[in-house]
Amino acid sequence: MANALTAIRLLLVIPFAFFMTKGDVRFAIFALVAWMVALITDFLDGPIARSRGTVTALSGTFDHTTDFLFVTSGLFAGAFRGVFPWILPVLIVAAFSQYFIDSYWIHRQAKLRGSKLGRYNGMLYFVPPCMETFIRLGARFLQPLLTILVWALVVSTLVSMGQRLMFSRLPEHLPTRSPEK
């Protein structure tokens, strides 16, 4: 059941990216609906997996990868429209690649090796596409907050990547995060 919820989110990646490439109100509504479904499935899949005892390293990787694809597709689509700087989705791709390489190849872990800052960044990456959608729907007062958030995420992603690089040889500094939410 939890993996089915994650699969729903995965199926939304391409439509969400398409909706984010369009600047009009109709597509903003579609993007917001896709975003809300993605967020609901993301909140539910972990608790369902834990309650059913179906948490595995593979399901955690599936969940994280789906989240990554969803948010970066929306951010790249927004960058294509000029509403986000290209550096944010590019850095997220680099950070996620580093996360995988550090976890599976350098430390040869059975599951992803998370960090606290990386976890917060991962949650906050969902926010800019949503805020931009609300801006398209008329909430223009959010634009300065969106700009601040995007650049704060650029900085925090760079810091997170630097921490992972510095501590890549010291496994005790980056405790392994369980694959559930």
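Values in this text are rule-based calculations from the coordinates and carry no lab data. Computed from a predicted model, the values in this text were never measured in an experiment.
May I ask you to work out the translational diffusion coefficient for segment 63-106 at 10 °C, viscosity 1.306 mPa s, via Stokes-Einstein with Rh from the Kirkwood sum over Cα pairs, reported in whole µm²/s? Roughly 146 µm²/s, to the nearest whole number. Dividing the summed -39500 (n - 2.57) terms of all DSSP H runs of n ≥ 4 by the residue count of the chain sets its mean residue ellipticity at 222 nm at -23500 deg cm²/dmol. Note on segment 12-107: Rg/Rh from C-alpha atoms, Kirkwood Rh, equals 1.04.
The largest-to-smallest principal axis extents of the Cα set in segment 1-66 are 43, 17, 13 Å. Summarised in one figure, the compactness ratio Rg/Rh of the chain, Cα atoms and Kirkwood Rh, is 0.98. When all alpha carbon pairs of segment 120-159 are counted in 10 Å bins from zero, the resulting P(r) reads 31, 53, 15, 1 %.
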